[in-house]
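**Student:** To start, I am sharing the structure in question, which I have written as structure tokens.
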Amino acid sequence: MKKKMLQFVDLKQETPEKRSTLKRKADFNEIYNEFITEKAKEQSSRCSQCGVPFCQIHCPLSNNIPDWLKLTAEGRLKEAYEISQSTNNMPEICGRICPQDRLCEGNCVIEQSGHGTVTIGSIEKFLTETAWENNWVKPIEVRKESNLSIGIIGAGPAGLACAEELRKKNYKVTIYDRYDRSGGLLIYGIPNFKLEKHVVLRRIKHLQDSGIEFVNNFEVGKDKSLKELKEKHDAILIATGVYKAREIELPGSDLGNIFPAMEFLTASNRKGLGDKVELFDNGVLNAEGKDVVVIGGGDTAMDCVRTSIRQNAKSVKCLYRRDKENMPGSAREVLNAEEEGVEFIWLSSPKKFLGSNKVENVKALKMKLGDPDDSGRRKPIEQNDSDFDIKADLVIKALGFDPENLPELFGEKNLQISRWGTIKADFDTMETSIPGVFAAGDIIRGASLVVWAIKDGRDAAENIDKFLKNKTQLKQKVA
Ligand SMILES: Cc1cc2nc3c(=O)[nH]c(=O)nc-3n(C[C@H](O)[C@H](O)[C@H](O)COP(=O)(O)OP(=O)(O)OC[C@H]3O[C@@H](n4cnc5c(N)ncnc54)[C@H](O)[C@@H]3O)c2cc1C
Ligand code: SF4
């Protein structure tokens, strides 16, 4: 069997042990290539085609899930794919990494009645993989290219989705990114075991083949100001994401082998992409054989613990100051991590890092939960005389991200931001305080999800198109 046909492996031919592993993976919607047509049809036929499509309502892209499930159940895969891609620029990516338990699948009526959700994400992924396999995914053909051009800052999912939609409308599109590769957090943040990098690179190539220009190693604010970019293009989209890691200022923070999550994950992703990464190659950013402590309870923390396991760490502990029920990360991710051998130390907060040059122990305190705070979540309170030490030779801080100071970085005081530092954009038009400059994705929402970035990118494209049409009409009237 050719390697690329692996996705059509017949489960019935596998040993019971392998079958159960594959099934578990399928149940958790993990990376697996062995999803087969028969399994997809069987799963899709479980959809009850209920009158009110709660799955669709809870999908940020309003994907027409019931229709493509019905077509899949009937074996009409190409038609199912066409419907699924009509509302989503990266269905194979969302199928892999959306937290479906909080979105479409969590609201499936069958799940609600206790019979286990239809595995919507897996089917979405399967349909698009089948489409790639059969050459159904074609580059955009631009019949008559417009003279108008749009500059997009940031090649993450928001920028990419916006670029594709604008290209479909015949505009010239250039995407600028400060990284050497495109994809944003899809390429350097989210680990390979959740989202294989060849899947992201394939999408980028598809957009390049569609005539979208990519300019990498180009930092707006350094290589050109926003004003200069604005002079070059007829409209601008800011889709720069949020990258300022939240810090934890504790005694001993300056000891060696304490790293922010993105540094650890980027090193691991770069290695997966075949890059030379000195800090990984010399063992500093490699968890192999180490006692790893990850601080934080969100999805980034889960990615760090699970990456450490895959790098053969000696032990992996996750320190979180609330309990399991109050963790911000996806319940499914926590379950996966537990299954893989991660030890969670709930209701604990670090107080000090101990060691001579490098970290050797984390001193932590036990917490209890008090009354809800402003966010509605119960506030963690320190318990007296409850300190304890955890052995650690690699500490990873995964406490979340805030936006960088974009008005300052871009040299543009008129760019208004919210009190959280996110860019203020008109809710209806996605336009910022600067006319002709739009914004989308994490930089307007704060750290969020890929599917929301895609939704924003699509909405921004609609609004940029309207803006440019109005501008052209106005020019014609004046002329
Ligand atoms: C570790 C991790 C794991 C995650 N896992 C998931 C998951 O499993 N599922 C999920 O749905 N979401 C996940 N997310 C969230 C998701 O990745 C983001 O919500 C999404 O990528 C946001 O898209 P974006 O396009 O707004 O920004 P980004 O993906 O962050 O892309 C922004 C791009 O802008 C570029 N840029 C920034 N500043 C400049 C500048 N000045 N000049 C030029 N370029 C610039 C950056 O280099 C980057 O390429 C995860 C996030 C992290 C950190
Ligand atoms: S995009 Fe995400 S939420 Fe929507 S159907 Fe696909 S997996 Fe579910």
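The values are calculated or read from the model by the stated rules, or taken from the named source; none is laboratory data. All values reported here derive from a predicted model rather than from experimental measurement. Neighbour counts are summed over all protein chains in view; Cβ atoms, including those assigned to glycine, are modelled from backbone coordinates with ideal geometry.
**Student:** Here are the criteria: (1) touching a residue at least 24 places away in the same chain (Cβ under 8 Å); (2) within 11 Å of ligand 2 (Cβ to nearest atom). Tell me which single one residue 64 does not satisfy.
**Tutor:** Tallying (1) touching a residue at least 24 places away in the same chain (Cβ under 8 Å); (2) within 11 Å of ligand 2 (Cβ to nearest atom), residue 64 fails exactly one: (1).
**Student:** Among the numbered criteria (1) in contact with a strand residue (DSSP E or B) (Cβ under 7 Å, 6 or more places away or on another chain); (2) surrounded by fewer than 16 Cβ atoms within 10 Å (Cβ to Cβ); (3) among the polar types (S, T, N, Q), which one does residue 149 miss?
**Tutor:** Just one mismatch for residue 149, condition (2).
**Student:** Hey, another quick one. Among 395, 437, 450, which is surrounded by 13 or more Cβ atoms within 10 Å (Cβ to Cβ) and under 26 Å from residue 86 (Cβ atoms)?
**Tutor:** Working: 395 fails: under 26 Å from residue 86 (Cβ atoms); 437 fails: under 26 Å from residue 86 (Cβ atoms).
Among 395, 437, 450, only 450 is surrounded by 13 or more Cβ atoms within 10 Å (Cβ to Cβ) and under 26 Å from residue 86 (Cβ atoms).
**Student:** Of everything in the range 284-313, what is over 18 Å from the mean Cα position of the chain (by Cα) and surrounded by fewer than 24 Cβ atoms within 10 Å (Cβ to Cβ)? Give them in sequence order. Even if it seems obvious, please write down each step before you answer.
**Tutor:** At the first step, the residues of the range 284-313 found to be over 18 Å from the mean Cα position of the chain (by Cα) are 284-295, 308-313.
Once the filter is applied, which keeps residues that are over 18 Å from the mean Cα position of the chain (by Cα) and surrounded by fewer than 24 Cβ atoms within 10 Å (Cβ to Cβ), the range 284-313 yields 284, 285, 286, 288, 289, 290, 291, 309, 310, 311, 312, 313.
**Student:** Moving to a separate point now. Residues 34, 82: which one is more than 13 Å from ligand 2 (Cβ to nearest atom), surrounded by 15 or more Cβ atoms within 10 Å (Cβ to Cβ) and at pLDDT 95 or above?
**Tutor:** Going through 34, 82 in turn, just one is more than 13 Å from ligand 2 (Cβ to nearest atom), surrounded by 15 or more Cβ atoms within 10 Å (Cβ to Cβ) and at pLDDT 95 or above: 82.
**Student:** Starting from residues that are in a loop (DSSP other than H, G, I, E, B) and of a type in the set (Ser, Thr, Tyr), keep the ones in the range 178-198 and report whichever is surrounded by the fewest Cβ atoms within 10 Å (Cβ to Cβ).
**Tutor:** 179
**Student:** If you go through the range 42-63 one residue at a time, do you hit one that is at pLDDT below 95 and among the acidic types (Asp, Glu)?
**Tutor:** The answer is yes, given that some residue of the range 42-63 is at pLDDT below 95 and among the acidic types (Asp, Glu).
**Student:** Give me the residue from the range 365-392 that is among the hydrophobic types (A, V, I, L, M, F, W, C) and within 29 Å of residue 448 (Cα to Cα) and, out of that set, surrounded by the fewest Cβ atoms within 10 Å (Cβ to Cβ). Break it down stepwise before answering.
**Tutor:** Step one: of the range 365-392, the residues among the hydrophobic types (A, V, I, L, M, F, W, C) are 365, 367, 369, 381, 388, 390, 392.
Now drop any that are not within 29 Å of residue 448 (Cα to Cα), which leaves 367, 369, 381.
Values: 367: 20, 369: 16, 381: 13.
Ranking the candidates gives 381 first.
**Student:** Residue by residue through the range 284-329, note down the ones that are within 16 Å of ligand 1 (Cβ to nearest atom) and on the phi > 0 side of the Ramachandran plot.
**Tutor:** 296
**Student:** Looking at 154, 189, 159, 183, can you tell me which residue is without any contact (Cβ under 8 Å) to a residue 60 or more places away in the chain and out of contact with any Phe, Trp or Tyr (no Cβ under 6 Å at 6 or more places or on another chain)?
**Tutor:** 183
**Student:** Give the number of residues within the range 446-479 that are in a helix (DSSP H, G or I) and within 16 Å of ligand 2 (Cβ to nearest atom).
**Tutor:** 10
**Student:** While we're on this one: Which of (1) in contact with a Phe, Trp or Tyr (Cβ under 7 Å, 6 or more places away or on another chain); (2) modelled with pLDDT under 95; (3) within 22 Å of residue 181 (Cβ to Cβ) is the odd one out, the single condition residue 269 does not satisfy?
**Tutor:** Looking at each condition in turn, residue 269 falls short on (2).
**Student:** If you don't mind, there's one more thing I want to ask. From the list 205, 194, exactly one residue is within 16 Å of ligand 2 (Cβ to nearest atom) and either within 23 Å of residue 275 (Cβ to Cβ) or touching a His at 6+ places or on another chain (Cβ under 8 Å) (or both). Which is it?
**Tutor:** On the way: 205 fails: within 16 Å of ligand 2 (Cβ to nearest atom).
After ruling out the rest, the residue left standing is 194.
**Student:** Consider the range 42-69. How many of its residues are within 28 Å of the chain's Cα centre (by Cα) and either in a helix (DSSP H, G or I) or away from ligand 1 (no atom under 16 Å from the Cβ) (or both)?
**Tutor:** 15
**Student:** Among what's in the range 413-433 and is among the aliphatic types (A, V, I, L, M) and touching a residue at least 24 places away in the same chain (Cβ under 8 Å), pick the residue that is farthest from residue 460 (Cα to Cα).
**Tutor:** 415
**Student:** Also, I was wondering about something else. For the range 133-177, which positions are of a type in the set (Gly, Ala, Ser), within 13 Å of ligand 1 (Cβ to nearest atom) and not in a loop (DSSP other than H, G, I, E, B)?
**Tutor:** Across the range 133-177, the qualifying residues are 151, 158, 159, 161, 163.
**Student:** Please go through (1) at pLDDT 95 or above; (2) surrounded by 22 or more Cβ atoms within 10 Å (Cβ to Cβ); (3) within 16 Å of ligand 2 (Cβ to nearest atom); (4) acidic (Asp, Glu) for residue 105 and return the number of the only condition it doesn't satisfy.
**Tutor:** Checking residue 105 against (1) at pLDDT 95 or above; (2) surrounded by 22 or more Cβ atoms within 10 Å (Cβ to Cβ); (3) within 16 Å of ligand 2 (Cβ to nearest atom); (4) acidic (Asp, Glu), the one that fails is (1).
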